[in-house]
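Visitor: Mind looking over this structure? Questions follow.
No value in this document is a laboratory result; all are computed from the given coordinates. Owing to the predicted nature of the structure, the values given are computational and were not obtained by experimental measurement. Every residue, glycine as well, gets a Cβ built from its backbone with ideal geometry; the counts of neighbours run over all protein chains shown.
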Amino acid sequence: MKAEGAGKTGLLLCVSAPWPLGVLVHLMRSAGGIDYEESTKHVVVREVGGVPIPFASPRLLWRMKAVTHREKDAGDLFFLRQWFAERGEEPPKV
């Protein structure tokens with residue numbers, strides 16, 4: 001699948017790895033109340049194998065995970081809090 005495929009349908013791609021059978025990809029209309037349109041304003045594009053891939057920025061990740069209150073997101077929020085502190089920044093308000 002090409003990277004631009006999700007944008008044409010207005011879906012967010014969430015890649016979870018590792019997974020026993022390979023890479024698990026979730027297609028979602030929104031994540032943490034943030035839809036595709038809003039998320040595209042806050043991505044960081046990196047090339048992987050010559051293909052530009054949009055990744056959620058640390059600020060976007062914080063906004064998506066801070067509102068879920070899921071135990072499995074606690075580790076990510078801890079890491080992101082440290083990431084912001086090391087840069088003298090505060091996590092975004094949600």
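Visitor: List residues of segment 62-94, by number, whose backbone nitrogen lies under 19 Å from a label position 7 Å along Cα→C-beta of Met28.
Guide: 62-81, 92-94
Visitor: Something else: Can you list which of the trypsin sites (Lys or Arg not before Pro) found in segment 28-66 are DSSP loop residues with at most 14 other C-beta atoms within 10 Å? Present the calculation step by step, with values, prior to reporting the outcome.
Guide: On the way: sites: Arg29, Lys41, Arg46, Arg59, Arg63, Lys65; in loops: Arg29.
Filter output for segment 28-66: Arg29.
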